[in-house]
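The values are calculated or read from the model by the stated rules, or taken from the named source; none is laboratory data. Because the structure is a prediction, the values reported are computed rather than measured. With ideal geometry, Cβ positions are generated from the backbone for all residues, glycine too; neighbour counts draw on all protein chains shown. Accessible surface is based on the protein model in full, side chains and every heavy atom, while ligands, DNA and RNA are left aside. Shrake-Rupley method; radii C 1.70, N 1.55, O 1.52, S 1.80 Å.
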Amino acid sequence: MSGKGRGLGVAAVVVGLLGVVLAVGALAYARNSYGSSTISSESMAPTYEPGDRIIYEQVGGGEVHRGDVVLFSAPDRYGFSASVMQRVVGVGGDRVVCCTGSGTAARITVNGKPLAEPYVKQGDVDGLHKTYDVTVPKGRLFLLGDNRANSRDSRLFASDHDGTVADSAVRGRVTDDRTVAYGIGGAVIGGVVLAVVGIGLGIAAFVVRSRQPAVPVAPWPVQQG
């Protein structure tokens, strides 16, 4: 093979492998670190409406904070193993009390401080008009839906650890930041493009090789008798 053909062949292997590694690596990272789901209920309206597509980070309950929207599984409570989405209002050690004030002026307090909740539907932080005073045990979370009038959340399961959920039940944290998703998508597309370029270089190397002129073979000398 000529120098040109050999160079194209090496480039084909390097570029093609780089593309495959990039695409497969990005897909593996996405699968192990992120997930997506579609909203099927109105319990988190108006923040998330039925039919909305969400992206979530696969994190444990020990990594979430007040205000985070999480996906968790509680089959003993809900009768199914699919994930439920609610907002973290209290973490281990917090005292959550409902409510001070009334109507749209009502506020849940966390550790004695009124909680600002601009995300709740129609400004109604109470919803069920059900009072509660819960001190969240360590390793558990107090969770509420943003649609307080239509959410089966911690308020309705007071007999089960005051409605709190073990943080080990958390499957992920919802994120509205699409930067990582776009980056992963770009890496996958870039990897595919590189793999295709590698194939193209490989074809070019084959063509160059096939066009090489045959090297003439010198005839054996014939002895004269």
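Descriptive notes on the structure:
- With both labels modelled 7 Å from their Cα along Cα-to-Cβ, the residue 207 to residue 27 distance reads 2.9 nm.
- Diffusion coefficient of region 19-104 by Stokes-Einstein, Kirkwood radius over Cα pairs, 25 °C, 0.890 mPa s: 156 µm²/s.
- For the chain, calculated [θ]222 nm from helices alone, where every DSSP H run of n ≥ 4 adds -39500 (n - 2.57): -10500 deg cm²/dmol
- If you run the Gaussian network model on the chain, springs between alpha carbon atoms under 10 Å, then out of 169, 30, 204 the most flexible one is 204.
- Taking amide H atoms as placed 1.01 Å from N in the peptide plane, the amide H of residue 68 lies under 5 Å from those of 88, each 5 or more residues away in sequence or on another chain.
- Computed FRET value (nearest 0.05) for residue 40 with residue 14, which takes r as the C-beta separation and R₀ as 41 Å: 0.30
- Shape summary of region 60-180, radius of gyration then Dmax from alpha carbon positions: 13.7, 41 Å.
- Degrees, to the nearest 10: 179-210 long Cα axis against longest axis of the chain: 10
- Computed over protein heavy atoms with a 1.4 Å probe, the carbon and sulfur contribution to the accessible area of the chain reaches 59%.
- For region 112-161, the solvent-accessible area with a 1.4 angstrom probe is 53 square angstrom per residue.
- Degrees, to the nearest 10: 3-33 long Cα axis against longest axis of the chain: 10
- Total lysine pairs under 22 Å (Cα atoms) in the chain, excluding pairs fewer than 8 apart on one chain: 4
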